[in-house]
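Just so you know, all these numbers are worked out from the coordinates, no wet-lab data involved. Keep in mind that this is a model prediction, so the values were computed, not measured. Counting neighbours? That spans all protein chains shown, and the Cβs are built from the backbone with ideal geometry, glycine included.
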């Protein structure tokens, strides 16, 4: 009998995206972008391309679509960079644009964010007594891979909360849903994620 998977609740908690208020390390490039300097824009693009692409891909789950959305997001950011107030890091500001663009694509697919009773059919994350001897990074990557396979609504809420680190109020604002809907959708998405991972471990 093979060793089954233990799903640690550590990987079902959000990774914080909180960033301190400070002068951006690449402030000179940001100021160059304000002057419409193409070299500065290209350097900013190179610095943020990979992380923004990964954020977009986690939401739309399609490589070609993610590439297109990311290009549009950078163009949009450069066009309205005067609106960047500096109250958050430039990366956080840029990521919000990428997330919003990605969600626009998801909405065109009519992803459904349903309001679910938060106590309905809850699968306890502590019910599993199986052993897991793999590294933390390996388990984390497995969670990410499983999230990719979920339906749009579940994948989006898990990506925003667990990976991008947004809280429920922020998610509610981004998705234009209530905080309670965000919480109930996350609860159901977690159930689905746990069930998928348990099924994979048993196969």
_Enumeration of residues in segment 58-67 that are without any contact (Cβ under 8 Å) to a residue 24 or more places away in the chain and in contact with a helix residue (DSSP H, G or I) (Cβ under 9 Å, 6 or more places away or on another chain)_ = 62, 63, 67
*Would you check if residue 174 is in contact with a helix residue (DSSP H, G or I) (Cβ under 7 Å, 6 or more places away or on another chain), surrounded by fewer than 19 Cβ atoms within 10 Å (Cβ to Cβ) and closer than 22 Å to residue 57 by Cα?*
yes
*Scanning segment 157-171 for residues that are buried (at least 18 other Cβ atoms within 10 Å of the Cβ) and touching a residue at least 40 places away in the same chain (Cβ under 8 Å), which turns out farthest from residue 145 (Cα to Cα)?*
166
